[in-house]
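Here is the structure we will look at, set down as structure tokens.
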């Protein structure tokens, strides 16, 4: 697996990482045996960048990674996040209360079975706590050796600048794909100016770009996609028509739709490292092959033209309220 550096920080990771959320929550029932096999297979393929968070489960996903990587910690780059309020096993809001940050990180270290996290993100910006103060606590954790690099998730341009002025920010995690390009106008210029890498989550559009999406109502209420506006009603039909071109280009190239979609993301910048999520080895292996796929200028133009208009908001109104835009 090829390697990439996230911005100017020097943090080197595999060109494609693995989003681990779906192994424990959000996308149907968990299958621990297959998840363990998928994590181990990722290392075999040269994927060493694994993304988790205290919220995933909650807590279960970090514990899973801790068990699997207990004897292979030196082979992996672990990224985790704090920033949600979790009460009785339920996420009830966001919080970056300063005393919470340290407690959250100590809990993550314990569950991950390690004495340091490679990349620590603030999961969502908390408007009640100045981001300068949040990053100040995160920077203390770096100085103490408990964290190596710092990141933000779904942060807006102004807060990225404020955070970076306190301590170098190595990566921004945010949704980015052919399906969701909201970062390009305002966020990309800031990332390039400050030397911050991008870690796109949902680079396959929650299954739309890989051709596996279903209507929202076909998923159980516990599934994240059940409330996805882009999978509902007329939006679903319009988006399926738009995404059809991904499959057509993939068929012509002899690749999969997911490889075409990931190849497009990879070609947007050398410091962009997508983290497609999966809990199955077959999809993992398919995604890993995207690093060898090259898109021509004409193929890129076809993809971008077909997907320039996506129907529906990317989140429900409640979830969008947590995005710093």
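Per-residue Cβ neighbour counts within 10 Å put 54, 62, 313 in the sequence 313, 54, 62, beginning with the fewest. With respect to the chain, whose longest principal axis is taken over its alpha-carbon atoms, helix 297-306 is tilted by about 90°.
Explain nothing, just the number: relative contact order of segment 66-121, from Cα pairs under 8 Å at least 6 residues apart, as a whole percent. With pairs under 8 Å counted, the relative contact order is 47 percent.
In the chain, Cα pairs under 8 Å separated by at least six residues give a relative contact order of 21 percent. DSSP finds beta bridges in the chain, and of those with both partners inside it, around 25 percent are antiparallel. Ranked for footprinting exposure by Cβ neighbours inside 10 Å, fewest first, 322, 264 give 322, 264.
Taking the helices alone, the chain has a mean residue ellipticity at 222 nm of -11500 deg cm²/dmol, built from -39,500 (n - 2.57) per DSSP H run of at least 4 residues and averaged over all its residues. Across 80, 300, 95, mean-square fluctuation computed from a Gaussian network of the chain (C-alpha pairs under 10 Å connected) peaks at 300.
Of all the options 201, 69, 188, the one that moves most in a Gaussian network model of the chain with Cα springs shorter than 10 angstrom is 188. Compute the acute angle (0 to 90°) between the alpha-carbon long axis of helix 157-166 and the principal axis of greatest extent of the alpha-carbon atoms of the chain; round to the nearest 10°. Taking Cα atoms only, the helix is inclined about 30 degrees. Largest mean-square fluctuation among 167, 100, 74, in a Gaussian network model of the chain whose springs join Cα atoms under 10 Å apart, belongs to 74. Stokes-Einstein D for segment 54-211 at 37 °C, 0.692 mPa s, Kirkwood Rh over Cα pairs, in µm²/s? Using the Kirkwood radius from Cα pairs, D works out to 202 µm²/s. Taking other C-beta atoms within 10 Å as the exposure proxy, 240, 23 rank 240, 23 from fewest upward.
Every read-out reported here was derived from the displayed coordinates using simple, explicitly stated rules and does not represent laboratory data. Predicted model only: the values in this text are computed from it and were never measured. Backbone-built Cβ (ideal geometry, glycine too); neighbour counts: all protein chains shown.
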